[in-house]
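Colleague: Attaching a single structure in structure tokens format; questions to follow.
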Amino acid sequence: MSTQSAVRPRPIDAARAKPLRGHRDEIRNRVAAADQILLLLDFDGTLAPIVDDPASAKMPAAVRETLISLSEADRVRVCIISGRALADVRARVGIPALIYAGNHGLEIEGQGLCYTEPEAGLRRPLIRELCGSLSTRLGRVAGIEVENKGLTAAIHFRRAPAARAEVLDVTWREISRRRDDLVLRMGKMVCEIRPSTNWDKGAAALWLKERLYGTKPALTICIGDDLTDEDAFGALPDGVNIKVGDTAGTRACYHAEGPKDIQEFLSWLKEWVRQ
């Protein structure tokens, strides 16, 4: 597979996701039958509750202990794949043995892997300059945070929801002035600015699966709560895909209400892989 792009399976049609709790045995049977398991986990809204200030997001200690146990299982590889910068999410999770994919998979490290999507790497100066302009133009709006994540940028307006239209207008104008090098995607109360590249969480998930297992079969379990996680769900149609929260239009086959349900599921999984 080229490091520039990933060959993507045809996305599955959106279907009604099944309640996670009601299909526990179904998933357990798939886990029992799998020789290898690749566990792909989002951070915010999945392992850690969503909070108004992104800098204060914390993963519960019980979740950390469960992830440590899972990472010690012979047939499990655990990867945290987040929109946060790699260094940020790695510090918040704090488990050296895991694989970390930051900036929606644009940068990956852990277990001997080290990768930065080339086109994104070249646009660091552009992202830095854009963040400076956005900070100047949006700095007067209380509750708005412009975050430079190195390879991408984010404009958080969770603490200023009334400013959504202004944030979108200003951000779009700033992006439009910079040719076709950047794209805008929406998340939960955040504008995400990324390099114009065909790499996303789905491409990163496929890259990881190939690097870790080659042509050997492996069951993927992918869990996330936001639009960016849909890229991974679509790329892994045969996996156990779990959408956290709103399921409208999701490609996931299962859904959970919130991080507490995921904490419970990971505890189940810890027991299943020991059997």
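Colleague: Using a 1.4 Å probe, what is the accessible area per residue for the chain, in Å²?
Modeller: Per-residue value: 45 Å².
Colleague: Another one. With each run of n ≥ 4 DSSP H residues scored as -39500 (n - 2.57), what mean residue ellipticity at 222 nm is computed for the chain after dividing by its residue count and rounding to the nearest 500 deg cm²/dmol? Intermediate results must be reported in sequence, preceding the final value.
Modeller: On the way: 9 runs with 98 residues, N = 275.
Only helices count here, giving -11000 deg cm²/dmol.
Colleague: So what's the angle, to the nearest 10 degrees on a 0 to 90 scale, between helix 259-272 and the longest Cα principal axis of the chain?
Modeller: 30 degrees
Colleague: Beyond 16 Å, what percent of the Cα pairs of the stretch 30-75 remain? Numbers along the way, then the final one.
Modeller: On the way: 527 of 1035 pairs.
That fraction is 51 percent.
Colleague: Quick one: angle between helix 164-176 and the longest Cα principal axis of the chain, in degrees between 0 and 90, rounded to 10, please.
Modeller: The helix 164-176 is inclined about 80 degrees to the chain.
Colleague: On the protein heavy atoms, probe 1.4 angstrom, tell me the percent of accessible surface of the stretch 23-173 carried by carbon and sulfur. List each step's numbers first, then the result.
Modeller: On the way: 3280 of 6540 Å².
Exposed carbon and sulfur together represent 50 percent of the surface.
Colleague: Let me know the shape class of the stretch 45-107, please: from the alpha-carbon gyration tensor, a ≥ b ≥ c as square roots of the eigenvalues, rounded when a/c is under 1.5, otherwise prolate if a/b is greater than b/c, or oblate.
Modeller: On the way: a/c = 2.28, a/b = 1.33, b/c = 1.72.
Cα axes put the stretch 45-107 in the oblate bin.
Colleague: Which residues' amide hydrogens lie under 5 Å from the amide hydrogen of GLY258, considering only partners 5 or more residues apart or on another chain, with H built in the peptide plane?
Modeller: Amide H neighbours of GLY258: GLY245.
Colleague: Here's another thing I want to ask about it. Quick one: if the Förster radius is 30 Å, what FRET efficiency do ASP74 and SER196 give, using the C-beta to C-beta distance and rounding to 0.05? If you can, show how the numbers build up before the last one.
Modeller: Details: r = 41 Å, r/R0 = 1.35.
My answer for the efficiency is 0.15.
Colleague: If you don't mind, there's one more thing I want to ask. Which distance in nm do the two modelled labels at GLN36 and ARG21 give, with both placed 7 Å along the Cα-to-Cβ direction?
Modeller: 3.5 nm
Colleague: Sticking with this structure for a sec: Any idea what the dipole of the stretch 35-111 comes to, in debye rounded to 20, about its Cα centre with Lys/Arg Cβ at +1 and Asp/Glu Cβ at -1? Working shown, then result.
Modeller: On the way: 7 positive and 11 negative charges, 18 e Å.
I would put it at about 80 debye.
Colleague: On to the next question. Given the options VAL31, VAL170, VAL89, state which has the largest fluctuation in a GNM of the chain using a 10 Å cut-off (strictly under) for Cα springs.
Modeller: Maximum among the listed residues: VAL170.
Colleague: Report, to the nearest 10°, how far helix 24-33 tilts away from the longest principal axis of the Cα atoms in the chain, using its own Cα long axis and a range of 0 to 90°.
Modeller: 70 degrees
Colleague: Connecting C-alpha atoms closer than 10 Å in a GNM of the chain, tell me which of GLN263, GLN111, GLN36 has the biggest fluctuation.
Modeller: GLN111
Colleague: Report the residue, chosen from ALA204, ALA256, ALA91, that carries the largest GNM mean-square fluctuation when the chain is represented by alpha-carbon nodes joined by springs under 10 Å.
Modeller: With Cα springs under 10 Å in the chain, the top fluctuation among ALA204, ALA256, ALA91 is at ALA91.
Colleague: Using the basic label-point model (7 angstrom from Cα toward the beta carbon), what is the LEU168 to ARG211 distance in nanometres?
Modeller: 3.6 nm
Colleague: Can you classify the stretch 118-267 as rounded, prolate or oblate using the Cα gyration tensor, where a ≥ b ≥ c are the square roots of its eigenvalues, rounded means a/c under 1.5, and otherwise it's prolate if a/b beats b/c and oblate if not?
Modeller: Oblate.
Colleague: If you don't mind, another one. Calculated FRET efficiency, ALA55 and LEU113, Cβ-Cβ r, R0 45 Å, to nearest 0.05? Intermediate values should be presented prior to the final figure.
Modeller: Values: r = 27 Å, r/R0 = 0.61.
Here the calculated transfer efficiency is 0.95.
Colleague: Charges at C-beta only: +1 for Lys and Arg, -1 for Asp and Glu. How large is the resulting dipole of the chain about its Cα centre, in Debye rounded to 20? Before the final figure, lay out each step's value.
Modeller: Working: 40 positive and 38 negative charges, 26 e Å.
Computed about the Cα centre, the dipole is about 120 debye.
The values are calculated or read from the model by the stated rules, or taken from the named source; none is laboratory data. What you see is a predicted model; the values in this text were computed from it and never measured. Using ideal geometry, Cβ is built from the backbone for each residue, glycine included, and neighbour counts are taken over all protein chains shown. Heads up: the accessible areas ignore ligands, DNA and RNA and are worked out on the full protein's heavy atoms, side chains in. Shrake-Rupley method; radii C 1.70, N 1.55, O 1.52, S 1.80 Å.
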